[in-house]
1. Provide a single number: the residues in region 184-193 that are surrounded by fewer than 19 Cβ atoms within 10 Å (Cβ to Cβ) and part of a helix (DSSP H, G or I).
2. Looking only at region 49-77, which residues are more than 22 Å from the chain's Cα centre (by Cα) and without any contact (Cβ under 8 Å) to a residue 24 or more places away in the chain?
3. Looking at 214, 162, which is the one that is surrounded by fewer than 18 Cβ atoms within 10 Å (Cβ to Cβ) and at pLDDT below 85?
4. Within region 75-116, which residues are in a helix (DSSP H, G or I), out of contact with any helix residue (DSSP H, G or I) (no Cβ under 8 Å at 6 or more places or on another chain) and either within 22 Å of residue 16 (Cβ to Cβ) or modelled with pLDDT of 90 or more (or both)?
5. Report yes if residue 41 is within 23 Å of residue 181 (Cα to Cα) and assigned to a helix (DSSP H, G or I), otherwise no.
6. Can you tell me how many residues in region 44-72 are assigned to a helix (DSSP H, G or I), open to solvent by 20 Å² or more (accessible area, probe 1.4 Å) and over 24 Å from residue 4 (Cβ atoms)?
7. Checking residue 180 against (1) modelled with pLDDT under 90; (2) open to solvent by less than 30 Å² (accessible area, probe 1.4 Å): exactly one of these is not met. Which one?
8. Criterion first (touching a Phe, Trp or Tyr at 6+ places or on another chain (Cβ under 9 Å) and either among the aromatic types (Phe, Trp, Tyr) or within 28 Å of residue 77 (Cα to Cα) (or both)) does residue 35 satisfy it?
Amino acid sequence: MTQSLWPSGDNTEVLLQAARQGDPEAVNQLLDRHRGPIRRLVEVRLDRKVQRRVDVSDVVQEVLVEASGRLQKYLDDPVMAFHLWLRQIAWDHIIDTYRRHRVSAKRNMDREQPIAGGGRVDESSVNLAIQLCDPAMTPAAVATQREIAAQVEAAIQKLDEGDREVILMRHYEHLSNLEIAEVLDLNPPAASMRYLRAVRRLKAVLEEDKENFGVDTDSQG
């Protein structure tokens, strides 16, 4: 299984305990340890047009500043896992940033950027495409990887907000079903059903677009 976007292991708990004891360096390390994952979350979830007008680094810094200011309250009453708490703060900033810039963003009619941004091949998109289209397919050429990644990303953008959200949480943030359930305030079976429904709809979109997929899966092997 693909590794989670968020740091795991005992280090976070060690740093949280040190922060509870008033260690300022532990606080700095704790937040810095999550800077990269927060940036990735913003890159994946913030509207592409808005990202042309907003520096992702500025959004990340805003998230970390707010998290620092609210950290003591969290330490006194940790209502959820630390990374999910940080994720919620980041998500609120993503929504706020979109609302502040959406008017100017809508004026820009350029084609949407891929989820990865910067012309990179997104490994999560490639892995999801292989899983949905042909688990035995092992694309070797970079061009093929770009094609299937672009197709999956385009299909995800066609989903409704709820389906798109659960797909991105599972395959781009790599949250577990239990974590998704906590984020969405659902019980685990309901979260699982929502994910399966989203996958069915994503497959349907890919099937509709298969003539433009750019990969002849029948010739693989």
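The values are calculated or read from the model by the stated rules, or taken from the named source; none is laboratory data. If you're wondering where the values come from, they're calculated on a predicted model, not measured in any experiment. As a convention, Cβ positions derive from the backbone with ideal geometry for all residues, glycine included, and neighbour counts pool all protein chains shown. The protein model used for the area step is the full one, side chains on, heavy atoms only, and it has no ligands, DNA or RNA in it. Shrake-Rupley method; radii C 1.70, N 1.55, O 1.52, S 1.80 Å.
1. 6
2. 69, 70, 72, 73, 74, 76, 77, listed by residue number.
3. Checking each option against the conditions leaves just 214.
4. 76, 92, 95, 96
5. Details: within 23 Å of residue 181 (Cα to Cα): yes; assigned to a helix (DSSP H, G or I): yes.
When the stated conditions are applied, residue 41 passes them.
6. Looking only at that region, the number is 5.
7. Condition not satisfied by residue 180: (1).
8. It is false that residue 35 is touching a Phe, Trp or Tyr at 6+ places or on another chain (Cβ under 9 Å) and either among the aromatic types (Phe, Trp, Tyr) or within 28 Å of residue 77 (Cα to Cα) (or both).
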